[in-house]
Amino acid sequence: MKRWGFWLGALGAVAVLVVLLCVFLISHSKIRCYTEEEDHYLYLASRTTYERARGHNLTRLPSDSKCKPVQIWAFIRHGARYPEPKLINRYRKLDQLRDEIIENHEKGRGKLCDSDLELLKQWVLIPPADEIPPALLNKNGEEELKNFGKRLKDTFPELLKAGSIPGASQKDYKFRGTDNQRTQASQTALMEGIFEGEGVTVVPEKVPNNDSLLYVNMNCPTYQASLKLNPWNESDAFTESGAEFNATVERITERLGFEEEIDRGTVLLLWEICRYETAWKRKGQWSTWCLVFDPEDMQALEFREDIGTYYYAGPGRPINKQIACPTVKDLVQRFRNVVKNGQEKSGEPKSVFYFGHTVMLAATMGAMGMTESEVPFVATNYQQMIDRKFRTSLVGPFGGNLILVLYRCNSENKSTHKVTIHATERPWSLPDCPDGVCDWDTFEQKYADTADHCNLDFCYQ
């Protein structure tokens, strides 16, 4: 009996060891390795790189439609830039945070796999914080805008390729940006993509004082005063108590091995370094700090910014539509002139390119009814907003843009016009404008009221 007892005890011990081994293997098998994944979720709201965000369908009406483009109008956000000084200064905390994460794992806490942890150990901020040029366009942003210019020229050669325009000159092109380095450099990059090797010299317009077209938000006292009411309230509520954001904080705390819950400010710092470092790295590379997040975390952080921007610059506040009326007016009046008088007699340039910032791009799209939310955009309806139209990763990334092209169509001795709408190189459908194609009468009717009753008197009341 003693012998049987011995063997039963031994078998029991083995069984316990097997169970423990299985638990160990199962728990470790659930650890994801960011470095081993082929595709990463890098939709990083307004700091998304253009290459990640853009569509691959910058189309024109087919040749058998008997329609030819006669004018292109574009509003383009500046390309990828470096962060501003306040955020750069916060990057100095990252070395200590990295060391704490490594120490946590050495003590048996944390859920980073070995290859992810090794990558984190090797991380160094390049360029160093002291050498980051604050808020300036970076090389990636420059390259992405230049390539975009090349694609535009290839798609619309009769409007942009000097060799396809008899006697092409300055009058055929209009370029204008705000007075920031990042917008001026973005403008230069796009122009290089369009005009490189074309043998034509085009000079952008000088930046006007108190810009009331591209920088209305900065020159409208009423708009600036409206920001005191904090349009980020819903975003703040989601950050402080949203179920999805709380879950994100819990996952990151566990993944990094901290015994006490990591504070929200640190989560947002990690999100910012992930976004900006990805934006200034070479194409296809990503920031080491992005491995801190899983896709669910990224989506919650993306929603957090979208909900804030929706009210700050998008359709969430009436004043945002008001500040955008000058851009809508400019667009409609130019197209009207070409429709009424023909391209040559109108005196209009064949192409109009404006370079600005998030607020005016988002406001213009909102004023055109492109990004209106059909359900309330509030902190508590995350699940309802999964398929939202207002998604800054796609409509307002670095280099995000709104491109409209006017076409003249000839059929049965009758001339008509159509307009195509693209947002960040994606056709954008609207009611009565399927696949981003509008009949001119429909288009004009949609925006005539905004164009014809636009004034900025409210800014000074």
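With unit charges on the beta carbons (Lys and Arg positive, Asp and Glu negative) and the dipole taken about the Cα centre of the stretch 208-321, which residue among 252, 209, 266 sits farthest to the positive side?
Farthest towards the positive pole: 209.
Please work out the FRET efficiency for the pair residue 439 and residue 169, using the Cβ-Cβ distance as r and a Förster radius of 30 Å; give the result to the nearest 0.05.
With a Förster radius of 30 Å, E is 0.40.
May I ask for the distance between the Cα centers of the stretch 218-241 and the stretch 36-62, given as a whole number of Å?
28
Neighbouring Cβ atoms within 10 Å as the yardstick, rank 64, 211, 95, 236 fewest first. Working shown, then result.
On the way: 64 6, 211 18, 95 12, 236 15.
So the ranking, lowest neighbour count to highest, is 64, 95, 236, 211.
So how strong a dipole does the stretch 238-288 carry about its Cα centre when Lys and Arg Cβ are +1 and Asp and Glu Cβ are -1, to the nearest 20 debye? Please list the in-between numbers first.
On the way: 7 positive and 10 negative charges, 126 e Å.
Around 600 debye, computed over the stretch 238-288.
Pairing the Cα long axis of helix 358-367 with the longest principal axis of the chain, what angle in degrees results, from 0 to 90 and rounded to the nearest 10?
With both axes taken from Cα atoms, the answer is about 60 degrees.
Taking the 0 to 90 degree range and rounding to the nearest ten, how far is the long axis of helix 440-452 tilted relative to the main principal axis of the chain, both from C-alpha atoms?
90
About the Cα centre, and with charges only on the beta carbon of Lys, Arg (+1) and Asp, Glu (-1), how big is the dipole of the chain? Nearest 20 debye, please.
Numbers: 57 positive and 63 negative charges, 190 e Å.
Here the chain has a charge dipole of around 920 debye.
Tell me the Kirkwood hydrodynamic radius of the stretch 317-461 in angstroms, computed as one over the mean inverse distance between distinct C-alpha pairs. Provide the component values of the computation, followed by the final result.
Details: mean 1/r = 0.0602 Å⁻¹.
Hydrodynamic radius (Kirkwood, Cα only) of the stretch 317-461 equals 16.6 Å.
Report, in whole Å, the centroid distance computed from the Cα atoms of the stretch 337-415 and the stretch 125-189.
What the calculation gives is 19 Å, centre to centre.
How high is the FRET efficiency between residue 247 and residue 57 when r is their beta carbon distance and R₀ equals 35 Å, given to the nearest 0.05? Numbers along the way, then the final one.
Details: r = 35 Å, r/R0 = 1.00.
Working from the Cβ atoms, E equals 0.50.
At residue 432 and residue 212, where each label point lies 7 Å from the Cα along Cα→Cβ, what is the point-to-point distance in nanometres?
The answer from the label model is 3.0 nm.
Could you give the length gained by full extension between residue 33 and residue 254, i.e. 0.36 nm per residue of separation minus their alpha carbon distance, to one decimal place? Before the final figure, lay out the partial values.
Working: separation 221, 0.36 × 221 = 79.56 nm, distance 1.50 nm.
In short, 78.1 nm is gained.
Please give the calculated 222 nm ellipticity per residue for the chain, where each DSSP H segment of at least 4 residues contributes -39500 (n - 2.57) and the sum is spread over every residue; nearest 500 deg cm²/dmol?
Values: 19 runs with 214 residues, N = 461.
Mean residue ellipticity, 222 nm, calculated: -14000 deg cm²/dmol.
So how much slack lies between residue 415 and residue 337, counting 0.36 nm per residue of separation and subtracting their Cα-Cα distance, in nm?
Numbers: separation 78, 0.36 × 78 = 28.08 nm, distance 1.49 nm.
Value of the extension gain: 26.6 nm.
Over all distinct Cα pairs, what is the inverse of the mean 1/r for the stretch 122-252, reported as the Kirkwood hydrodynamic radius in Å?
Numbers: mean 1/r = 0.0529 Å⁻¹.
Mean inverse Cα-Cα distance, inverted, gives 18.9 Å.
Of the cross-linked pairs 107/281; 68/161; 93/139; 66/161; 153/329; 68/171, which ones have a Cα-Cα span greater than 22 Å in the structure shown?
Over 22 Å apart, Cα to Cα: 107/281; 93/139; 153/329.
If I fit a long axis through the Cα atoms of helix 295-312 and take the longest principal axis of the Cα atoms of the chain, what angle between them do I get, 0 to 90°, rounded to 10?
40
Calculate the dipole size of the stretch 96-222 relative to its Cα centre from +1 charges on Lys and Arg beta carbons and -1 charges on Asp and Glu beta carbons; express the result in debye to the nearest 20. Walk me through the numbers before you get to the answer.
Numbers: 16 positive and 21 negative charges, 98 e Å.
Magnitude of the dipole: close to 480 debye.
Laboratory data are not the source of any read-out in this text; all were calculated from the coordinates shown. If you're wondering where the values come from, they're calculated on a predicted model, not measured in any experiment. All Cβ positions, even for glycine, are placed from backbone atoms using ideal geometry, and neighbour counts span all protein chains on display.
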